[in-house]
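Take a look at the structure below.
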Amino acid sequence: MAKTHNVTEFIFLGLSSNPEVQKVCFVMFLLLYTAIVLGNLLIVLTVMSSRSLGSPMYFFLSYLSFVEICYASTTVPRLISDLLAERKAISLWGCMTQLSFLHFFAGTEIFLLTVMAYDRYVAICKPLSYTTIMNRRVCAFLVGAAWVWGLVHSLAQILLIFHLPFCGPNVIDHYFCDVLPLLKLACSDTVLIGLLIVANGGTLSVISFVVLLASYVVILLHLRTRSSAGRRKALSTCGSHVTVVTLFFGPCIFIYLRPSTTLSVDKTVAVFYTVITPLLNPVIYSLRNAEVKKAMKRLWVRAMKLEER
């Protein structure tokens, strides 16, 4: 291990080297992270406490929100603390741990988004069989499969990276550990590893995205036979999901479905899928869904009554 890993820590360059910009970013990202945790936690609590949100769609939504909290927490707290640190260092093992958790939760989210599209397909195209097909056991199995898929994806990424030799330099032009910046620092030929990473990460994103789009094309074709009111309700629910899918998969495909090179714009794109997307998910689902808004109001009323007591 000592021969292949002479580097025992990595140094992040972060988002900016300007102290004033770092202070502004510290306040901004602290507020954004607080909003991510509170917003997604609100959805989890709303779904758990509301009987009207007992359908599989909201069951999956609560797990998606939980995954978003975990996903953002792998990078954003570290980013916030580093913005005030003079030396932004992370150990080799810390870097590998962050990398593994990042891809674990990302892989889980990809599977959950795909499952949610399948749920909408069954609900709209096979409404009479919906409760039979999407029963509790099936929903629990699909959520478990999402966690397993995230683990498999994470293990594949970490195994590809961990055995690479890192003998210097150790400066990462990023604010977290990811596969492409680490490939750039490896002291060996990484062409094959880069292709395998693209196959694992980029191809996975593209295939999942294509499956999601195909499912919604089928849904849209099926909606032509529905009444205008039925179409509006279905499109409202599906529109929220399509928006979330686009926000998540667009940046991921840009980052991971290309040769193993890093670009100056990568950090900006990474902020989008590690911070902005988890922030927007609860906003999109709550603002576009009347049932979620009603359930949140009821939860707020109950909380106020308890506080008065």
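Going through the range 163-193 one residue at a time, which ones are part of a helix (DSSP H, G or I) and in contact (Cβ under 8 Å) with a residue 24 or more places away in the chain? Across the range 163-193, the qualifying residues are V179, L180, P181, L182, L183, K184, L185, V191, I193.
If you go through the range 79-137 and pick out every residue that is more than 20 Å from the chain's Cα centre (by Cα), aromatic (F, W, Y) and modelled with pLDDT of 90 or more, you end up with 1.
Taking the conditions exactly as written (open to solvent by 10 Å² or more (accessible area, probe 1.4 Å), out of contact with any Ser or Thr (no Cβ under 6 Å at 6 or more places or on another chain) and modelled with pLDDT of 75 or more), does V275 satisfy them or not? It is false that V275 is open to solvent by 10 Å² or more (accessible area, probe 1.4 Å), out of contact with any Ser or Thr (no Cβ under 6 Å at 6 or more places or on another chain) and modelled with pLDDT of 75 or more. For L92, are the conditions met, namely being closer than 30 Å to I161 by Cβ and touching a His at 6+ places or on another chain (Cβ under 8 Å)? Answer is yes for this residue. Check T74, T8, T4 and return the single one that is over 30 Å from A123 (Cβ atoms), touching a helix residue (DSSP H, G or I) at 6+ places or on another chain (Cβ under 6 Å), modelled with pLDDT under 90 and open to solvent by 20 Å² or more (accessible area, probe 1.4 Å). The conditions single out T8. Among the residues here, V115 does not qualify as open to solvent by less than 40 Å² (accessible area, probe 1.4 Å), free of Cβ contacts under 8 Å to residues at least 40 places away in the same chain and either farther than 15 Å from F249 by Cβ or of a type outside the set (G, A, S) (or both). Here V206 fulfils each of the conditions (1) loosely packed, with under 15 Cβ neighbours inside 10 Å; (2) in contact with a Leu (Cβ under 8 Å, 6 or more places away or on another chain); (3) in a helix (DSSP H, G or I) apart from (1).
Of all residues in the range 153-166, those being under 19 Å from K88 (Cα atoms) and open to solvent by 10 Å² or more (accessible area, probe 1.4 Å) number 0.
Residue-by-condition table, conditions (1) over 29 Å from V269 (Cβ atoms); (2) in a helix (DSSP H, G or I); (3) hydroxyl-bearing (S, T, Y):
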{"residue": "I90", "(1), (2), (3)": "no, no, no"}
{"residue": "C95", "(1), (2), (3)": "no, yes, no"}
{"residue": "F105", "(1), (2), (3)": "no, yes, no"}
{"residue": "V115", "(1), (2), (3)": "no, yes, no"}
{"residue": "T132", "(1), (2), (3)": "yes, yes, yes"}
{"residue": "V143", "(1), (2), (3)": "no, yes, no"}
{"residue": "L151", "(1), (2), (3)": "no, yes, no"}
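Listed by first and then second residue, the pairs linking a residue in the range 142-162 that is touching a residue at least 40 places away in the same chain (Cβ under 8 Å) to a residue that is of a type in the set (S, T, N, Q), with Cβ atoms under 7 Å apart and 6 or more places separating them unless they lie on different chains, are A146/T108; W149/T108; G150/T108; H153/N200; S154/S100; A156/N200; Q157/N200; I158/S100.
The values are calculated or read from the model by the stated rules, or taken from the named source; none is laboratory data. Since the model is a prediction, treat every value here as computed from it, not as a measurement. Glycine gets a Cβ as well: all are built from the backbone with ideal geometry, and neighbour counts include every protein chain shown. Each accessible area value is taken on the protein alone, full model and side chains, heavy atoms only, with ligands, DNA and RNA left out. Shrake-Rupley method; radii C 1.70, N 1.55, O 1.52, S 1.80 Å.
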